[in-house]
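*Asks:* My questions all concern the structure below.
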Amino acid sequence: MYIRFLFSTIATLLFYLIAPLAATAQLPPWTRFTLDNGLEVLVVENHLTPIATIEIAVKNGSFTEPPEYNGLSHLYEHMFFTSNARDTTEDNFLGRVDDLGIVYNGQTWEEQVEYFFTLPKENLEDGLDFMATAITSPLFKPDEIHKQKEVVLGEFDRNEANPFFKFNRKVELALWDGWISRKEPLGERPAINAATREKLLYIKGKYYLPNNALLIITGDVNTGDIRRLIPKYFLRWQRGPNPFADGGPKRVPPLAKPILVLDTVDEPRTTVEIRWHGPSIGLDDKGTYVADVFSFILTQPEHQFTKALQESGLAQGLNFTYYTQRQVGPIKADLITTPDHLDSAMKVFWAQLAKFDDPNYYSDEEIETAKSVLRTQTLLRSEKLSSFSHELAFWWAAAGLDYYGHYLDDLSKVTRQDIADYIHRYIKNKPYVLGIAQSKLGHVLTEPSLQKYGNPNMQTKTEVQP
């Protein structure tokens, strides 16, 4: 007890010493301009290390995918690193990677796909030429499509080998009722198997446009040189119709009622997942950073939410998070318990949730500490520019760079009333998905129902998905 008190006292002193300094710190400055073809360009200079990163982000990803295309944004990402109009075989492409000393990769998310090269600064111009060629002229050779399908399906196999894969998919299916393809970047086997060159060309023509992309250059570069070089290589990329001129894909409709999802896993413990539909960028920007603050407060070791569930021994693992998205961000509560503690753990969880809007549930100091530490974490992620480019790509696609540029200032303005409004709008007595994965090792849940394990304060008609 004394050690905990001492730690808490030191943490409090450090907060009051560091918070004023952290509050003045800002994200690294960037220069932003747009080419005549609509391509946005972002430059962040840092001359400490003689390397540069070139990254392109495209507003594509699973949010653009109907079921028959689910997983094809991911397959397209793999095809980027094969042949193009100049490097006409995958071996040519990879040989050029080696010649330029490039470390490369790509990522497919719900609301963006990104490609990045990190290379010695003296190879920057050649790297820009290489990136421009790869993004504008993929060949999509049938033999390479076949090969990359196998690679993507191999990723699917590795994910499917996780004992919780099936359970997590069932929870997601319930949460995004009928819209799972818009929320699942990994995709589905049938759609991946049915991918064709024509479908990949459709994605290229609709989404791989300069006016639907962001080019990020970070590292030991000169902004003036970048302004001179970028048009030379990227103005040949032709503008196309805005793929979201009609407003884009519709947002997932709200949950109508609580849903219980049950499954069994090869795991002696019991896993519980609770999900709500949270704020969406463009509809409730404030709610997104309020969600960050509240989630941080709940998950601190000294907060009563964590004490009541984890320190008590009812939960062996506990988390509460929000994932920022334009197309409905999920709020997630996860706990790991044992079959004999499940009943008690769920009663305590819902009892804690009932107190979320109690003025005494968290202190002013906890609110300020959350804002200060979240600020520090955001700044820490900007420290390494080759990774900071990924942050910029994510926020550009999901929220816009103005949102991200003002994030630290907006975070500092979060109030107790903002948190209460967020809780009432998205969590307290709102429809949710409750997923329970029990062990296959002999213990069978009795009366598996929302009446037994769900929110006792909700009298809404419920639905069970076995």
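*Asks:* I'm spelling it out carefully: the read-out is Rg/Rh (Cα atoms, Kirkwood Rh), the candidates are [x] 1.09; [y] 0.99; [z] 1.01, and one was derived from this structure. Which label?
*Replies:* [y]
*Asks:* For the stretch 81-97, in order, what is each residue's ³J(HN,Hα) by Karplus, 6.51 cos²θ - 1.76 cosθ + 1.60 with θ = phi - 60°, in whole Hz (x at glycine and Pro)?
*Replies:* Computed from phi, the couplings for the stretch 81-97 are 8, 10, 9, 9, 4, 9, 8, 7, 9, 4, 4, 4, 4, 5, x, 5, 4 Hz.
*Asks:* Of Gly247, Thr306, Ala437, whose Cα points farthest to the positive end of the dipole of the chain (charges on the beta-carbon: +1 Lys, Arg; -1 Asp, Glu; origin at the Cα centre)?
*Replies:* Value: Gly247.
*Asks:* In nm, to one decimal, how far is the modelled label at Leu48 from the one at Glu150, with both set 7 Å along Cα→Cβ?
*Replies:* 4.4
*Asks:* Which percent, to the nearest 5, of DSSP beta bridges fully inside the stretch 259-465 are antiparallel? Walk me through the numbers before you get to the answer.
*Replies:* Values: 19 of 29 bridges.
Approximately 65 percent, going by the DSSP bridge assignments.
*Asks:* Give a quick list of GluC sites (Glu not before Pro) in the stretch 355-434 that DSSP marks as loop, anything other than H, G, I, E or B, with at most 11 other Cβ atoms within 10 Å.
*Replies:* Passing both the DSSP loop test and the Cβ count: Glu383.
*Asks:* If you keep only loop residues by DSSP, which trypsin sites (Lys or Arg not before Pro) in the stretch 52-147 have at most 16 other Cβ atoms within 10 Å of their Cβ?
*Replies:* Arg86
*Asks:* If I model a spin label as a point 7 Å beyond the Cα along the Cα-Cβ vector, how far apart are those points for Thr415 and Arg236 in nm?
*Replies:* 5.6
*Asks:* Using only the alpha-carbon atoms, how far is helix 197-207 inclined from the longest principal axis of the chain? Give it as 0 to 90 degrees, nearest 10.
*Replies:* The two axes meet at around 80 degrees.
*Asks:* Of the accessible area of the stretch 31-234, with the probe set at 1.4 angstrom, what percent is carbon plus sulfur? The partial results should precede the final answer.
*Replies:* On the way: 4000 of 7900 Å².
Carbon with sulfur: 51 percent of the solvent-accessible area.
*Asks:* Rounded to the nearest 20 Debye, what is the dipole magnitude of the chain about its Cα centre when Lys and Arg each give +1 and Asp and Glu each give -1 at the C-beta?
*Replies:* That gives the chain a dipole magnitude of about 980 debye.
*Asks:* Moving on to the next point. What does the helix-only formula give at 222 nm for the chain: each DSSP H stretch with n ≥ 4 adding -39500 (n - 2.57), the total divided by the residues, and the result rounded to the nearest 500 deg cm²/dmol?
*Replies:* Counting only the DSSP helices, I get -13000 deg cm²/dmol.
*Asks:* Here is a further query. So what is the relative contact order for the chain, in percent, with contacts set as C-alpha pairs under 8 Å and at least six apart?
*Replies:* Value for the chain: 22 percent.
*Asks:* Counting pairs of alpha carbon atoms under 8 Å apart in space and at least six apart in sequence, what relative contact order in percent does the stretch 31-234 give?
*Replies:* Values: 341 pairs, mean separation 85.1, N = 204.
In percent, rounded to a whole number, it is 42.
*Asks:* How much of the DSSP bridge set in the chain is antiparallel, in percent, rounded to the nearest 5? Numbers along the way, then the final one.
*Replies:* Values: 45 of 61 bridges.
Counting DSSP beta bridges with both partners in the chain, the antiparallel share is about 75 percent.
*Asks:* Label Asn429 and Ala245 with points 7 Å out from Cα along Cα→Cβ: what is the distance between them in nm?
*Replies:* Inter-label distance under the simple model: 4.6 nm.
*Asks:* Going highest first, how would you order 320-327, 415-422, 352-359 by mean Cβ packing within 10 Å?
*Replies:* Working: 320-327: 20.6, 415-422: 16.5, 352-359: 14.8.
Result, highest mean first: 320-327, 415-422, 352-359.
*Asks:* Given 0.36 nm per residue, what is the gain on full extension from Glu198 to Glu160 after removing their alpha carbon distance, in nm?
*Replies:* Gain on extension, Glu198 to Glu160, equals 10.9 nm.
*Asks:* Another question, if that's okay. Find how many whole Å separate the alpha carbon centroid of the stretch 374-447 from the alpha carbon centroid of the stretch 106-130.
*Replies:* Here the two parts' Cα centres lie 27 Å apart.
*Asks:* Amide H of Asn84: which non-local residues (sequence gap of 5 or more, or other chain) have their own amide H closer than 5 Å, using H built in the peptide plane?
*Replies:* Thr89, Leu139
*Asks:* Going through the stretch 201-252, which trypsin sites (Lys or Arg not before Pro) have at most 16 other Cβ atoms within 10 Å and a DSSP loop state?
*Replies:* Arg236, Arg239, Lys250
*Asks:* Between the helical axis of 2-24 and the dominant principal axis of the chain, each derived from Cα atoms, what acute angle in degrees is found, rounded to the nearest 10?
*Replies:* It works out to around 40 degrees.
*Asks:* Turning to a different aspect of this structure: Mind giving me the FRET efficiency for Leu379 and Lys307? R0 is 35 Å, r the Cβ-Cβ distance, nearest 0.05 is fine. Can you show the working numbers first?
*Replies:* Working: r = 29 Å, r/R0 = 0.83.
Efficiency, rounded to the nearest 0.05: 0.75.
*Asks:* Still on this model: So how tilted is helix 385-398 from the main axis of the chain? Cα-based, degrees 0 to 90, rounded to 10.
*Replies:* 70
*Asks:* Here's something else I'd like to know. Between the stretch 324-354 and the stretch 287-322, what is the C-alpha centre distance in whole Å?
*Replies:* Here the two parts' Cα centres lie 10 Å apart.
*Asks:* Related question: Provide the per residue accessible area, probe 1.4 Å, for the chain, rounded to a whole number of square angstrom.
*Replies:* For the chain, the solvent-accessible area averages 44 Å² per residue.
*Asks:* Peptides 393-403, 303-313, 67-77: what's the order by average Cβ count within 10 Å, highest mean first?
*Replies:* Answer by packing, highest mean first, reads 67-77, 393-403, 303-313.
*Asks:* Given a Förster distance of 30 Å, report the FRET efficiency between Glu68 and Asp36 from their Cβ-Cβ distance, rounded to the nearest 0.05.
*Replies:* Efficiency for this residue pair is about 0.25.
*Asks:* Now, a different point. Between Lys206 and Ser387, what is 0.36 nm times their sequence separation minus the Cα-Cα distance? Round to one decimal in nm.
*Replies:* Separation in residues times 0.36 nm, less the Cα-Cα distance, equals 62.4 nm.
*Asks:* Next question, about the same structure. Provide the percentage of antiparallel DSSP beta bridges, counting only those with both residues in the stretch 31-234; round to the nearest 5.
*Replies:* Bridges in the stretch 31-234 that DSSP calls antiparallel: roughly 80 percent.
The values are calculated or read from the model by the stated rules, or taken from the named source; none is laboratory data. This one's a predicted model, so the numbers in the text were calculated from it and none came from an experiment. With ideal geometry, Cβ positions are generated from the backbone for all residues, glycine too; neighbour counts draw on all protein chains shown. For the accessible areas, the whole protein counts, side chains as well, though only heavy atoms, and no ligand, DNA or RNA atoms are used. Shrake-Rupley method; radii C 1.70, N 1.55, O 1.52, S 1.80 Å.
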